[in-house]
Amino acid sequence: MPSKKERLNMLARVWNTPTPFDIDFFDKGSEIVIVSTYRDIVAWWMNIFQIMYPNDTFREREDIIKIKVGPKVVLKLNKRTGTMKVCGKEHLLWMTEEFPSVLETGNDEMEELADASDTSVTRYLQLDKNVEEVQDLIDMIPEGGGIMMHDFIMKMWKSLIDDWLGCGATVYIVTPRIDEERLFQLFLLMIRNKGTAFHVTLVTPEKSQDGVKFIKVLNTARRMMKKTRTPRTQKRLVSDIKMHWAMSNLSMHHETFSTNFIAGFKDDEAEVLSTTAHFHKSHFHTNQKDNVSYNKVSTDELRRNYLFPLGLSPVNY
């Protein structure tokens, strides 16, 4: 039998399959519970299963629809709550081998993606691209850079990273100080953009200048993810599977330096936001002002001028 960590690894890989709206898995050991905030999730599931299992009999009793998808696997779909349970002796095998095909079939049937801003993670991050386009924020930065307020810098930081992750870019967050809340937000941005094949690296010292070890910040962020609840339903915002996936997909590089920037590149184009603001509560929870500049450069320039000096690029271009 797989260990709990092995189950987490297996289910995290399945969860990474792109979906038109947010779904979440909860591993109960004997079964896996699948939930979603999408209001028409029941109709979506049923449409998929009728395509994939056209000859099977769907048994319905009160609020529960039972679907036998294998000799030792039964799905129990609650019409009222939208919750689906994957039960039976081979439930984990079915989840790892068959469920990605279920999600891909559902993607094929959707004519357009649901609005991602409908998710609890997006609301927690206070992001809404329909109201606040990234380009509008970039246009507010003076040409050549300037002094900006703490709330603008935080908004710019989140919006740019979200934009880069959303298009599958390679992203670097470089800061000599990061606190648990900023790290938590980075994990949520990754979760929000799963399935885009992004790569993200956090560059920070093993110990900050004020003596705080990064591992302590990481462990506190992990506890925050476990404790944070959605405002309306008071359910966990981040499941163990999402948390495991996010932590497994964040690369960490420790180096000693005193600069701050975030950068993203894809193909031959790169963007860099440089600032004197550390990604830390001391710069975002007070009435702080910092330098900010935004530049578009080539990927080679980014590697040569920003990444190579920090040991992030193996070649001196």
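Assorted remarks:
- Among the residues making up the range 160-214, those that are of a type outside the set (S, T, N, Q), without any contact (Cβ under 8 Å) to a residue 60 or more places away in the chain and in a loop (DSSP other than H, G, I, E, B) are A197, F198, P205, E206, D210, G211, V212.
- Filtered residues of the range 260-288 (kept if within 19 Å of C167 (Cα to Cα), in contact (Cβ under 8 Å) with a residue 40 or more places away in the chain and surrounded by fewer than 18 Cβ atoms within 10 Å (Cβ to Cβ)): K266
- Boolean, V217 is surrounded by 15 or more Cβ atoms within 10 Å (Cβ to Cβ), in a loop (DSSP other than H, G, I, E, B) and under 21 Å from the mean Cα position of the chain (by Cα): no
- Residue check, Q234 out of contact with any Ser or Thr (no Cβ under 8 Å at 6 or more places or on another chain) and either part of a loop (DSSP other than H, G, I, E, B) or outside the structural domain of N305 (by TED's automatic domain parsing) (or both): yes
- Selection count, the range 260-276, where residues are part of a loop (DSSP other than H, G, I, E, B) and either at positive phi or modelled with pLDDT of 95 or more (or both): 3
- Which numbered condition R304 fails, given (1) in a loop (DSSP other than H, G, I, E, B); (2) of a type outside the set (D, E); (3) surrounded by fewer than 17 Cβ atoms within 10 Å (Cβ to Cβ): (1)
The values are calculated or read from the model by the stated rules, or taken from the named source; none is laboratory data. Just so it is clear, the model here is predicted, and its values are computed rather than measured. When we count neighbours, we look across all protein chains shown, and the Cβ atoms used for this are built from the backbone with ideal geometry, even at glycine.
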